[in-house]
Amino acid sequence: MKHFSTQEWIDFANRVVKGSQQETMQKHLATGCKRCTETLSLWQKVSKTAAAEASYQPPAGAVRLAKAAFATAGMAQPEKRVPRRHRGPV
């Protein structure tokens, strides 16, 4: 029995496998191959999680609190300062 590579199962989970390759992989799963079924299941979960993560937007209040916490801890981004030009003796 031919097993498929992790990359092939990632492509399958992301639905970028086409035609006969997709049919062959589906038939392989239908044979009950536990190893490949588990591999596919893992990458389907990763794909689903990544899709949900991409649409996540933290609440505005939480962002403000985090920024305030960093600012009070001295970890905020330093201000950009323009260097002074030396204009001779003062």
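Here are a few things to note about the model shown:
- Subset of the stretch 52-65 that is assigned to a helix (DSSP H, G or I) and exposed (fewer than 10 other Cβ atoms within 10 Å of the Cβ) - its residue that is modelled with the lowest pLDDT: Ala54
- For the stretch 11-49, the set of residues classified as open to solvent by 70 Å² or more (accessible area, probe 1.4 Å), among the aliphatic types (A, V, I, L, M) and not in a helix (DSSP H, G or I) consists of Val16 only.
- Count of residues meeting criterion [open to solvent by less than 100 Å² (accessible area, probe 1.4 Å) and at pLDDT 65 or above] in the stretch 66-90: 6
- Output for the stretch 1-10, where each listed residue is surrounded by 11 or more Cβ atoms within 10 Å (Cβ to Cβ) and either over 21 Å from the mean Cα position of the chain (by Cα) or touching a residue at least 40 places away in the same chain (Cβ under 8 Å) (or both): His3, Phe4
The values are calculated or read from the model by the stated rules, or taken from the named source; none is laboratory data. A quick note: this is a predicted structure, and the numbers were derived from the prediction, not measured. Here the Cβ is made from the backbone with ideal geometry for all residues, glycine too, and neighbour counts use every protein chain on show. Surface accessibility is based on the protein's heavy atoms, side chains included, excluding ligands, DNA and RNA. Shrake-Rupley method; radii C 1.70, N 1.55, O 1.52, S 1.80 Å.
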